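Structure first, commentary second.
What follows draws every value from the coordinates through simple rules; no lab data is involved. Predicted, not measured: the structure shown is a model, and the values here were computed from it. For neighbour counting, all protein chains shown are included, and Cβ atoms are generated from backbone atoms with ideal geometry for every residue, glycine included.
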């Protein structure tokens, strides 16, 4: 009988525990090596405290709305308390079910992943994913290098868990994830994909965004809606599995179709695009004179500044709508007129002059400059403008894809009428609305601050204001309507100057007398010539410069009385606001304060004021300007009967006090309207890109037709919004008795009955 051989299991047990302990020891050793920086530097305590994120500068309106951002990455972080519960639950259910139970590394999930060779789901926790996003960025394709990256992520995860609360980690993770389409971070994603703030997200919307965390490039809702819908439903299923949803709720939510409200946030999208570009240039200068504590300049694209601006989002919306409504309508009449114009869209030019304009536009184009920069011969550049190419062009019905030569596109864009609108509070200088053009994507030129055009009759109030302020003239004072001549040699005139009234003006017969009030109301040129001779062009120029807030030269010649000066809408609105602010000019303000990413106020802005006119003189000028809208070129604001279709939004039917002035330049190239109520001054300019682009006749080409309707539509929208509190009251009288006579008849015009109809002069023409 042979003796059974016994197996010595002790040896195998020792080997087993040796392998286990050795494995753990090896892992521990690798952890130690990683923590000592052997595999590369780890984030410092300071870096963990302040991870290097590209934080967008946020532009916040006076009513608390985000107008836009300046950013390398469109990222605006939010705190955990601003996240909806459904989003947090969807995240935990899908990405890390044991998030609140582990300390950065989930050993249970790790063991499962190892035992199943990764087929049972990933082992990365939310904290690990955050560590990867913050400090690894891109996973290596090399296995050994990826293993080292993974170990470093584990070390960083533990450090993050020690440094931050669970809620902070969730917020950091969602704030740092790139959801594509310029949506970096959960706030941008909510705004871009659904047009709302994160706390407004519905459960199914939160589920879609959480689903994108798996791979946003693959689960792109703009390209793969079916896949994204399926992935969203997987997230909802996970929420049910974790008892965050009932089966009934899950089933109901899964039936909801995938609905996207794509709201891009590029610079050319959204409201106040022209204003934002002006603000960008302003901030570039601001950072140079307002450094950080360490002496470095703030980066407006990465330092997460919050810029609180004076723009009111509601008023900005109404202003852009008003410009769109009127100019799109007016454009249709201009296009119809050009069908019979052999030199369309130009008037009064020879073929060689037109060619010069088009050539200049060609050489100013991006195409020409880029090809020139690359050293392309000029003949090749010229030839490229004659080859048809695919392009997206602007139309008032939306962008349209077409095939067109670049040369033809240049001429196509010359047909468009342009417009600008600016509105500000006279008492504070706060600019409330800024519309620099008809479409920032296709037309970059800003017609609020950048563009300077002849102002026509809108300059005449400065002539009248000078005469009233210096000579105490009354609106009731009368003078002959006859032609008025300023002789050769006076004020440096090279020849005698005798301006005429327009042939369409009822006062062109030069008979009888006329009051100052009627003279301004009807833009009578002879009256303006007489007044500037009475006070001198030098004094008018001086007062205009103070009113406009400019240091550059205004010619000290009699011709400025008719508005030959080229000024910006920005300057004109600030000047007219002065009349409503009792003669005090307040420098226009665009920013109230700037904060850093932590909410610390870096700069607080205050208005700068300057006395330009006496309070009495300013009030008298307002009385004159009110006459423009009750019996002059702006009277159509009052009437209630129908006008031609090109006068958009008619009838307006305003019955509140309005101080205003129309303006039309030579050949009706530029049309202006300046309108003021006690707490809002608004100006509108309309015209073509070049002086030769205009309506053929005064009917459609005058300021009362080109710009007044935009002002009227804008103001009507503002009045319909009671939250704006736009005044319908009369202008406040000076505290001291007025020494200048205002009642030009037995009946005081300031106390007219409300139901009295305004006098409509023949022609209703603005000059």
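For the stretch 388-429 and the stretch 58-103, write down the distance between their C-alpha centroids in whole Å.
Comparing the Cα centres of the stretch 388-429 and the stretch 58-103, I get a distance of 36 Å.
Test of understanding: express the Cα radius of gyration of the stretch 526-670 as a ratio to 2.2 N^0.38 Å, with N the residue count.
1.30
Just check the stretch 603-744 against the gyration tensor rule for me: Cα atoms, a ≥ b ≥ c as the square roots of the eigenvalues, rounded for a/c under 1.5, and otherwise prolate or oblate depending on whether a/b exceeds b/c. Walk me through the numbers on the way to the answer.
Working: a/c = 1.57, a/b = 1.52, b/c = 1.03.
Judged from the Cα gyration tensor, the stretch 603-744 comes out prolate (a/c at least 1.5, a/b above b/c).
Can you give the Rg to Rh ratio for the stretch 226-380, taking only C-alpha atoms and Rh from Kirkwood?
1.17
Between the alpha-carbon centers of the stretch 667-725 and the stretch 726-744, tell me the distance in whole angstrom.
Here the answer is 26 Å between Cα centres.
Students often check this: by mean Cβ neighbours within 10 Å, which of 699-710, 521-532, 318-329 ranks highest, and how do the rest follow?
The most tightly packed comes first, giving 699-710, 521-532, 318-329.
Sorted by mean Cβ packing within 10 Å, highest first, what order do the peptides 429-441, 67-79, 295-307 take? Walk me through the numbers on the way to the answer.
Working: 429-441: 24.3, 67-79: 20.2, 295-307: 17.8.
Ranked from most to least packed, the peptides come out as 429-441, 67-79, 295-307.
Need one word for the stretch 346-414: rounded, prolate or oblate. Basis is the Cα gyration tensor (sqrt eigenvalues a ≥ b ≥ c); a/c below 1.5 gives rounded, then a/b vs b/c decides. Provide the component values of the computation, followed by the final result.
On the way: a/c = 2.10, a/b = 1.07, b/c = 1.97.
Judged from the Cα gyration tensor, the stretch 346-414 comes out oblate (a/c at least 1.5, b/c at or above a/b).
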